[in-house]
1. Write out, first by first residue and then by second, each pair whose Cβ atoms fall under 8 Å of each other, whose residues are 6+ apart or on separate chains, and whose first residue, in the range 301-313, is over 18 Å from Leu290 (Cβ atoms) while the second is part of a helix (DSSP H, G or I) and of a type outside the set (Ser, Thr, Tyr).
2. What number of residues within the range 171-216 satisfy the criterion of being surrounded by fewer than 17 Cβ atoms within 10 Å (Cβ to Cβ), modelled with pLDDT under 90 and assigned to a helix (DSSP H, G or I)?
3. Hey, could you check the range 314-334 for residues that are among the small types (Gly, Ala, Ser) and surrounded by 14 or more Cβ atoms within 10 Å (Cβ to Cβ) and say which is farthest from Leu291 (Cα to Cα)?
4. Taking only the range 93-103 into account, find how many residues are surrounded by 17 or more Cβ atoms within 10 Å (Cβ to Cβ) and either among the hydrophobic types (A, V, I, L, M, F, W, C) or over 13 Å from the mean Cα position of the chain (by Cα) (or both).
5. With (1) within 14 Å of ligand 1 (Cβ to nearest atom); (2) part of a loop (DSSP other than H, G, I, E, B); (3) touching a residue at least 60 places away in the same chain (Cβ under 8 Å) as the list, and Pro81 as the residue in question, which single condition is left unmet?
6. State all residues of the range 246-261 that are surrounded by 17 or more Cβ atoms within 10 Å (Cβ to Cβ) and in contact with a helix residue (DSSP H, G or I) (Cβ under 8 Å, 6 or more places away or on another chain); if no residue qualifies, say none.
7. Can Val138 be described as on the phi < 0 side of the Ramachandran plot, outside any helix (DSSP H, G or I) and more than 16 Å from ligand 1 (Cβ to nearest atom)?
8. Going by what's in this entry, would Val85 be described as of a type in the set (Val, Ile, Thr), in contact with a Leu (Cβ under 7 Å, 6 or more places away or on another chain) and within 21 Å of Lys252 (Cβ to Cβ)?
Amino acid sequence: MKNKHNTCNGNAVPEGRKHSSHGLVSVIGPCYNEKDNIEPFILSLEAVLDHEKYDYEILMVNDGSTDGTAEKLEKLRGEHPCLRVVHLVRNFGQQGAMLAGIAEAKGSVLVTMDTDLQHPAGAIPEMIRQWEQGMDVVYALPAHQVSKQSSLQTGQLSLFKSYTSRIYQSLIGRLQEPGHTYISTDFRLFDREVAEVIRQLPEKNLYLRNVFAWLCPVSSNSVHSSLPKDRSVFQSVCIPYRLGRRQHGDTKYNTVQLIRLAIQGMTNGGIRPLRAGILAGGLSLAVSLLLIIVQLLYHGLTWTAWSGWEILLIAGLFFGSIQLLMLCLIGEYVGKIFLQSQGRPPYLHRNPLQENKRKIWSER
Ligand code: UDP
Ligand code: MG
């Protein structure tokens with residue numbers, strides 16, 4: 001294997017390594033039962049990253065595979081000097097595997113991507129170029145998500161999956177806290193400074209898409225390159241890639257797991273979904289009050305008696321709305337406990353040293 005700087009020999013990248021002068025790209029690949037995909041995945045990365053001026057490490061996180069992925073990785077480790085392998089004791093799910101990779105990565109810049117070859121290594125050079133220009137996070141999105149015109153020409157997704165994912169994305173977009181931008185992708189590049197923030201978050205049930213939405217909002221016009229105007233805040237951009245087909249094996253997400261993931265995405269980002277109930281309660285209370293006034297006027301003017309169903313309907317709506325409102329009020333307190341338990345810092349400082357280092361690496 002070709003490795004320009006020849007600094008990644010053996011399994012572990014040496015401490016105090018040369019990347020302070022060259023910059024190191026860490027590619028994190030979570031893998032669960034991907035025995036037949038990992039070798040082509042590693043080869044595809046090497047073919048691309050060998051042409052970059054940066055050193056690189058490929059950090060494969062074996063998420064408790066049971067199909068011989070572990071043995072295969074151990075074998076490949078001897079053949080590929082830049083390969084590092086982390087084995088988890090059991091299957092913790094993709095989030096856990098990615099977090100384990102972020103904790104282990106030594107890079108100046110990190111990339112997370114799927115190991116089933118759906119995320120093409122060929123998109124990484126463009127992501128690195130964006131990072132060199134000052135972007136702190138570069139999201140790679142399937143071309144159909146970036147281009148609105150072809151939003152349903154999803155190529156490798158079934159029509160059902162593409163429709164449901166579109167509905168979900170629009171729903172989750174609305175449920176975000178103000179200023180947060182939820183980007184549905186796990187193919188992303190981010191600066192070490194961003195990785196450091198993630199590492200320090202005390203949250204146990206961390207969901208990366210929400211964390212990125214909180215940390216690094218995307219302005220809608222930043223799809224396709226726009227140079228950062230102000231480097232004192234985290235900057236991000238989306239770039240399109242062509243979604244590939246899974247090469248071997250099946251998806252690890254069945255419908256139930258996808259629903260669980262969707263709920264996690266909706267509830268982990270903040271307490272906005274709880275507040276949707278307050279709106280519903282308020283609206284139905286307003287409707288019931290309006291009905292009461294209309295009925296009072298009608299029966300007052302016509303001197304007729306209230307019928308039984310009118311009383312039942314209006315009373316049901318009125319007391320139901322009050323119950324919903326009270327429930328949501330309790331939810332507001334529960335939400336505050338949830339936010340407190342997440343323990344996210346109320347503010348973060350920019351690290352000017354990291355920014356300077358990036359300039360040095362990219363200008364070499
Ligand atoms: N993955 C993982 N642990 C899991 C499930 C998935 O590490 O419990 C990895 C998997 O090996 C792949 C990536 O996460 O590299 C995405 O999984 P998959 O391709 O099944 O998801 P899909 O593309 O169907 O959404
Ligand atoms: Mg996949």
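1. So the pair list comes out as Ala305/His299.
2. 3
3. Gly331
4. Going through the range 93-103 one residue at a time, the tally reaches 7.
5. (1)
6. Lys252
7. yes
8. Yes: the conditions hold for Val85.
The values are calculated or read from the model by the stated rules, or taken from the named source; none is laboratory data. As the structure is a prediction and not an experimental result, all values here were calculated from the model. Glycine also receives a Cβ, built like all others from the backbone with ideal geometry; neighbour counts cover every protein chain displayed.
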